[in-house]
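These notes concern the structure reproduced below.
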Amino acid sequence: MAGSINAFIMGGCLLHGPLNPCARDGTRFTYPKYGPVPGVYTFGEMIQAIQILRGERDVPPEIRPLCNMRPNFKAVPGAAEFSDVDVALLEPSSPIEIIFRGCHLNRTCLAQQVMHPIRDLGRDAAKSLSTWFRAGLMAPDEEVRALAAEELVTFVPDDMADAEWKKAVIREARSERSNVLEGFRRVQGMIGRPLGVVVYIFQYLADGRALSWPAGFHEDVKEASRQLNLPVFEPSIMVNNYGVQAALRKDLRHYNDAFTPIMADALVEFAKSVFEMSRARAA
């Protein structure tokens with residue numbers, strides 16, 4: 001494909017980080033007029049964002065920060081058709097949906113706004129928090145979550161900022177495991193444009209192995225993509241070819257400054273290949 005490609009992307013920082021500078025440059029790659037969707041991790045978050053763009057639903061102002069949604073993220077004329085989009089790239093990073101009052105929460109925002117202030121209260125609070133989040137919400141295990149929530153709220157002091165709000169989130173948040181195949185089918189049907197899948201890597205080991213969390217999620221994503229005949233991009237291949245230490249930051253999760261534009265080039269070429277494959281199939 002010659003020229004610039006217009007892409008609708010839904011994922012986290014491993015997708016936005018490389019592609020945002022390309023979109024700002026605009027010579028090879030652009031975003032639709034409503035820009036990129038703020039970072040989303042799950043199919044529930046993706047569907048929620050699309051529904052907002054279409055004007056089919058909204059998220060209350062007080063919950064938006066927990067969903068990684070700016071106040072100006074709202075319905076956009078034309079979003080219902082996505083007619084200006086050449087291709088969509090999806091990077092689901094978790095099958096675990098966290099739901100609060102009917103809204104799908106972003107786990108990073110939940111951590112920053114609710115969990116970290118409690119974690120910093122001390123060892124016992126941090127231990128209770130870990131049980132609630134890891135063994136309860138993310139397992140997911142409703143019995144563990146419910147018991148842990150009642151213990152956890154006792155650590156929230158009355159003079160903590162937004163104490164009652166934090167307690168409400170802890171008590172009311174629920175979780176469920178989504179069906180990966182159905183998630184792809186639903187998002188594909190809503191967008192109605194050529195779709196490519198970027199595999200999310202939770203963590204790399206020093207020897208280059210790419211870890212999936214929860215276990216088996218990589219395989220679920222790739223198998224669902226195979227069943228739906230969706231092109232797949234695996235960043236771990238590039239990371240290993242370039243060298244783990246040379247490509248990644250010390251956390252072995254995020255791309256370093258030198259490797260980010262290299263990954264960006266590969267993602268742009270992948271987006272173009274998704275578009276070309278779609279045209280070839282339609283011919």
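Values in this text are rule-based calculations from the coordinates and carry no lab data. Keep in mind the model is a prediction, meaning the values are calculated, not measured. Neighbour counts run over all protein chains shown; Cβ positions are idealised from the backbone, glycine included.
Backbone geometry of region 139-156 corresponds, through the Karplus equation with coefficients 6.51, -1.76 and 1.60 at θ = phi - 60°, to 3J(HN,Hα) couplings of 4, x, 9, 5, 5, 4, 4, 5, 5, 5, 4, 5, 6, 5, 5, 5, 8, 7 Hz, x marking Gly and Pro.
Put in line by how crowded their Cβ is, counting other Cβ atoms within 10 Å and starting with the fewest, MET138, MET115 read MET138, MET115. Helical content of the chain, expressed as a calculated mean residue ellipticity at 222 nm, amounts to -12500 deg cm²/dmol (DSSP H runs of 4 or more residues, -39,500 (n - 2.57) each, divided by residue number, nearest 500).
Per-residue 3J(HN,Hα) values for region 61-66, derived from phi via the Karplus relation 6.51 cos²θ - 1.76 cosθ + 1.60 with θ = phi - 60°, read x, 6, 9, 3, x, 6 Hz in sequence order (x marks Gly and Pro). Here's how it looks for GLY208: its modeled amide H is under 5 Å from none belonging to a residue 5 or more places away or on a different chain. Legend: ranking of residues LYS33, LYS222, LYS166 from fewest to most surrounding C-beta atoms inside 10 Å; resulting order LYS33, LYS222, LYS166.
Here region 100-176 is assigned +1 on the Cβ of each Lys and Arg and -1 on the Cβ of each Asp and Glu. Its dipole about the Cα centre then comes out at about 260 debye.
Classify region 18-80: rounded, prolate or oblate, from the alpha-carbon gyration tensor (a ≥ b ≥ c, eigenvalue square roots; a/c under 1.5 rounded; otherwise prolate if a/b is larger than b/c)?
Note, shape of region 18-80 comes out prolate.
Per the Kirkwood formula applied to alpha carbons, the chain shows a radius of gyration over Rh ratio, Rg over Rh, of 0.98.
The charge dipole of the chain, taken about its Cα centre with unit charges on the Cβ of Lys, Arg, Asp and Glu (plus for the first two, minus for the last two), comes to roughly 480 debye. Fewest neighbouring Cβ atoms within 10 Å first, the residues ARG28, ARG209, ARG145 line up as ARG209, ARG28, ARG145.
Normalising by residue count, region 153-222 has a Cα convex hull of 189 Å³ per residue. Working note: Debye formula, equal point scatterers on the alpha-carbon atoms of region 205-259, no solvent; log10 I(q)/I(0) at q = 0.29 Å⁻¹ is -1.11.
Summarising the label geometry, the points placed 7 Å from Cα in the beta-carbon direction at ALA75 and ASP58 lie 0.9 nm from one another. Structure remark: mean-square fluctuation, Gaussian network model of the chain, C-alpha springs under 10 Å; the largest value among ALA246, ALA80, ALA264 belongs to ALA246. If the chain linking VAL144 and MET160 were pulled fully straight, counting 0.36 nm for each residue of separation and taking away their Cα-Cα distance, it would gain 3.2 nm.
Ranking VAL144, ALA111, PHE155 by how far each Cα lies toward the positive end of the dipole of region 100-176 (charges on Cβ) leaves ALA111 at the top. Couplings for region 47-52, taken from phi via the Karplus curve 6.51 cos²θ - 1.76 cosθ + 1.60 with θ = phi - 60°, read 4, 4, 5, 5, 4, 5 Hz in order; Gly and Pro are left as x. Taking every Cα-Cα distance in region 100-176 and sorting them into 5 Å bins from zero, the calculated P(r) comes out as 3, 17, 30, 30, 16, 4, 0 percent. Charges were assigned to the Cβ only: +1 to each Lys and Arg, -1 to each Asp and Glu. The resulting dipole of region 93-140 about its Cα centre is roughly 60 debye. Model label sites at ASP120 and ARG279, defined 7 Å from Cα along the beta-carbon direction, differ in position by 5.2 nm.
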